[in-house]
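The values are calculated or read from the model by the stated rules, or taken from the named source; none is laboratory data. These numbers come from a predicted model, not from an experiment. Neighbour counts run over all protein chains shown; Cβ positions are idealised from the backbone, glycine included.
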Amino acid sequence: LSSSSPCFHFTNRVISAFLTAGGHDTSTFLPSFTLLSARPGLFLASLPIQKHNLNRLGSAHGGFVCTLMDTCGSLALATKGMYSTGVSLDISTTFAKAAGGEGDEILVRGEVVTMGRNLAMTRVEIRHPVSDALLAFGSHTKFIGKAIGHAENVEFDEEGEKVIKGKPMEEWGKE
């Protein structure tokens, strides 16, 4: 997975758009979210668990983990060149182990399972950064029928190293 490719920069561009829009994603975790690598259909990121992400017992709140499934399913679609990532139809989350407490780092892996003209399905895994233990996983089905024609969408080569359709990276503006 590359951290300097157009795919990586485009995915960060979509993250910036989420941040600019504000809302739940921004207040929950996005400001501390670090994209580590991306290629078409797959990304890896890390983030610390913060105090406002905790439940009353001091571990990561289930709602925080579910929000990760939602937003990171969308970011998986961004790695495929989707600037607008559609709307959620179904989100499923399974909690395998406690995700940790305040200050603990977690790894997030998002991938596109399938993507058609109208529907896309993604899978998201949350893992421990040292042991690689699976902490939670989920799926996210999205309607992308209207989003697939967005003017800011691009298409990458297989490795995400080149934009083969849409605006070239130089025209994306500030990320």
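Cβ-Cβ distance below 7 Å, separation of 6 or more or different chains: which pairs start in the stretch 157-173 with a residue that is more than 20 Å from residue 37 (Cα to Cα) and end on one that is not in a strand (DSSP E or B) and not charged (D, E, K, R)?
Here the result reads 165/154; 166/81; 166/153; 166/154; 167/154, each pair linking the stretch 157-173 to a residue that is not in a strand (DSSP E or B) and not charged (D, E, K, R).
Residue by residue, here is whether (1) modelled with pLDDT of 90 or more; (2) in contact with a strand residue (DSSP E or B) (Cβ under 7 Å, 6 or more places away or on another chain); (3) under 25 Å from residue 173 (Cβ atoms) holds:
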site: 10; (1), (2), (3): yes, no, yes
site: 18; (1), (2), (3): yes, no, yes
site: 29; (1), (2), (3): no, yes, yes
site: 33; (1), (2), (3): yes, yes, yes
site: 45; (1), (2), (3): yes, yes, yes
site: 49; (1), (2), (3): yes, yes, no
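Which residues, taken from the stretch 39-78, are polar (S, T, N, Q) and within 30 Å of residue 161 (Cβ to Cβ)?
Of everything in the stretch 39-78, those that are polar (S, T, N, Q) and within 30 Å of residue 161 (Cβ to Cβ) turn out to be 46, 71, 74.
Scan the stretch 88-101 for residues that are in contact with a helix residue (DSSP H, G or I) (Cβ under 8 Å, 6 or more places away or on another chain) and modelled with pLDDT of 95 or more and jot them down.
Residues satisfying the conditions are 88, 91, 92, 93, 95.
Kindly provide the set of residues from the stretch 119-138 that are closer than 17 Å to residue 82 by Cβ and under 16 Å from the mean Cα position of the chain (by Cα), ordered by number.
Matches in the stretch 119-138: 120, 121, 122, 123, 124.
Out of all the residues in the stretch 51-108, which are in contact with a Ser or Thr (Cβ under 9 Å, 6 or more places away or on another chain), part of a loop (DSSP other than H, G, I, E, B) and among the aliphatic types (A, V, I, L, M)?
Scanning the stretch 51-108 gives 82, 98, 99.
Would you be able to tell me the number of residues in the stretch 124-165 that are out of contact with any Gly (no Cβ under 7 Å at 6 or more places or on another chain) and either surrounded by 18 or more Cβ atoms within 10 Å (Cβ to Cβ) or closer than 30 Å to residue 64 by Cα (or both)? Explain how you work it out, then say what you get.
Quick first cut of the stretch 124-165, residues out of contact with any Gly (no Cβ under 7 Å at 6 or more places or on another chain) only: 125-139, 141, 145-146, 148-152, 157-165.
With either surrounded by 18 or more Cβ atoms within 10 Å (Cβ to Cβ) or closer than 30 Å to residue 64 by Cα (or both) added as a condition, the list becomes 125-139, 141, 145-146, 148, 150, 152, 160, 163.
Final tally of qualifying residues: 23.
Would the stretch 43-50 turn up any residue that is assigned to a helix (DSSP H, G or I) and farther than 22 Å from residue 112 by Cβ?
Looking through the stretch 43-50, none of the residues is assigned to a helix (DSSP H, G or I) and farther than 22 Å from residue 112 by Cβ.
Could you check, for the stretch 94-117, whether at least one of its residues is within 20 Å of residue 28 (Cβ to Cβ), among the hydroxyl-bearing types (Ser, Thr, Tyr) and over 15 Å from the mean Cα position of the chain (by Cα)?
Filtering the stretch 94-117 for residues within 20 Å of residue 28 (Cβ to Cβ) gives 94-95, 98-110.
Next cut, among the hydroxyl-bearing types (Ser, Thr, Tyr) only: 94.
Checking the rest, the ones that are also over 15 Å from the mean Cα position of the chain (by Cα) come to 94.
Among the residues of the stretch 94-117, at least one is within 20 Å of residue 28 (Cβ to Cβ), among the hydroxyl-bearing types (Ser, Thr, Tyr) and over 15 Å from the mean Cα position of the chain (by Cα), which makes the answer yes.
Conditions: (1) under 21 Å from residue 74 (Cβ atoms); (2) without any contact (Cβ under 8 Å) to a residue 12 or more places away in the chain. Residue 112 meets all but one. Number of the miss?
(2)
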